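First the structure, in the form of structure tokens, and then the observations on it.
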Amino acid sequence: MKLTSLGYQTEVLLRSFEGEVIEHPDYLVLRTPRNPGYRWGNFLIFQHPPKQGDLEKWKDIFAKEVGTPPQYQHFLFGWDGSNAGLGAKEEFLAAGFELYNDVVLTAQSVTPPPKFNRDCTIRTFKSEDWHDWIGLKRDANLAEREEERESDDEHFRHYLENKASESQRMIEAGLGQWFGAYLDGQLAATLGLFVWNGLGRFQLVDTHPNFRRRGLAGTLVYHAAKQGFQNMGAKTLVMCADPNYVAVGIYESVGFKITERQTALQWHPKSS
């Protein structure tokens, strides 16, 4: 199965490092056995959007190819093609699934954002910085609206620890870097960037709730993108984002443009 979506192509590249990517004629299996709580590391990408009657079929495929509770406590289904449509989503929504209709943004060059933060210090992560990253992500989660928040803090912390370990191994393998923007010595904003054969993918852009609306995210994206183009071999950079969230405007202010849409259906205990 050949993917056309750059968003999903880069998801496959991320999983190919130490996860599992299994190809079938009409779907791909992406698995991360080391981190079963990582929903976007354990999911299926179908060639076409769902048809009527696919709910139980897709759930059965997920159970067979990815796993079942208690180790895996979610279902996540994506499908290729930015113009593929939403398909027969109604039976999924009726069963408690959430629809994700994200945008994929790409750039071949960047410009400084209008709100450029000149007070922060930006550097790549050292091993001791990952503890602060986990703290930032947990604080950011607590600041989310209740319906968007990860409610099981222990489960979320375990996912973050596994994600941090995987990212460190990818950095050690020479695939990318993790960047932090610091104010008064505190980690204020953070993101990762990984590159394969000229194609780069940003990961987990976030700003600590105490430091938002200061231009840190745009400044950090600009800095990391420049490093990607100049020192990491990137020719095209890829971002995925919620079209209804402020981050899209931040990325566009740096020079990213919406080039496709990425659609998925997700269920986990909270969404029911």
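The values are calculated or read from the model by the stated rules, or taken from the named source; none is laboratory data. No experiment lies behind these values; they were computed from the predicted model shown. Neighbour counts are summed over all protein chains in view; Cβ atoms, including those assigned to glycine, are modelled from backbone coordinates with ideal geometry. When the accessible area is computed, the model is the full protein with side chains, heavy atoms only, and any ligands, DNA or RNA have been set aside. Shrake-Rupley method; radii C 1.70, N 1.55, O 1.52, S 1.80 Å.
Charges only on Cβ, +1 for Lys and Arg, -1 for Asp and Glu: so what's the dipole of the chain about the Cα centre, in debye to the nearest 20? Before the final figure, lay out each step's value.
Details: 30 positive and 35 negative charges, 166 e Å.
Dipole size: approximately 800 debye.
So for segment 6-134, averaging the separation of alpha carbon pairs under 8 Å that are six or more residues apart and normalising by length, what relative contact order in percent results? Intermediate results must be reported in sequence, preceding the final value.
On the way: 120 pairs, mean separation 25.1, N = 129.
Normalised by residue count, the contact order of segment 6-134 is 19 percent.
Which of the lysines could be linked to K59 by a straight reach, that is with a Cα gap under 23 Å, when you skip same-chain ones fewer than 8 residues away?
K2, K51, K89, K270
Compute the helix-to-body angle for 6-15: its Cα long axis versus the longest principal axis of the chain, expressed 0 to 90° and rounded to tens.
90
Can you give me the angle between helix 153-172 and the longest principal axis of the chain, using Cα atoms only, in degrees from 0 to 90, rounded to the nearest 10?
70
To test your reading of the geometry: what angle, between 0 and 90 degrees and rounded to tens, separates the Cα axis of helix 54-65 from the longest principal axis of the chain?
Approximately 70 degrees, to the nearest ten.
Keeping all protein chains in place, calculate the accessible area per residue for segment 165-235 (probe 1.4 angstrom), answer in Å². Provide the component values of the computation, followed by the final result.
Working: 2750 Å² over 71 residues.
That works out to 39 Å² for each residue.
What aspartates and glutamates does K115 reach when the alpha-carbon gap must be under 15 Å and sequence neighbours fewer than 8 apart in one chain are set aside?
E252
Based on the alpha carbons, how large is the Rg to Rh ratio for segment 101-172 when Rh follows Kirkwood? Intermediate results must be reported in sequence, preceding the final value.
Values: Rg = 15.8 Å, Rh = 15.3 Å.
My calculation puts Rg/Rh at 1.03.
If I build a Gaussian network model for the chain, linking alpha-carbon pairs within less than 10 angstrom, which residue out of L30, L142, L191 has the largest mean-square fluctuation?
Result: L142 has the largest fluctuation of those listed.
Please identify, among A217, A189, A140, the residue showing maximal mean-square fluctuation in a Gaussian network model of the chain using a 10 angstrom Cα cutoff.
For the chain, modelled as a Gaussian network with Cα springs under 10 Å, the answer is A140.
Hand me the chymotrypsin sites (Phe, Trp or Tyr not before Pro) from segment 119-199 located in a DSSP loop with no more than 14 other Cβ atoms within 10 Å, in residue order please.
Details: sites: F125, W130, W133, F156, Y159, W178, F179, Y182, F194, W196; in loops: F125.
The qualifying sites: there are none.
Using just the helices of the chain, give the 222 nm mean residue ellipticity in deg cm²/dmol: DSSP H runs with n ≥ 4 each add -39,500 (n - 2.57), and the total is spread over all residues, rounded to 500.
Numbers: 7 runs with 84 residues, N = 272.
Counting only the DSSP helices, I get -9500 deg cm²/dmol.
With only alpha-carbon atoms counted, please give the Rg and Dmax of the chain, in Å.
18.2, 55
Between V246 and I134, what is the spin-label point distance in nm, taking each point 7 Å from the Cα along the Cα→C-beta axis?
2.9
For the residue pair F116 and E172, what label-to-label distance in nm results when each label sits 7 Å from Cα along the Cα-to-beta-carbon direction?
3.7
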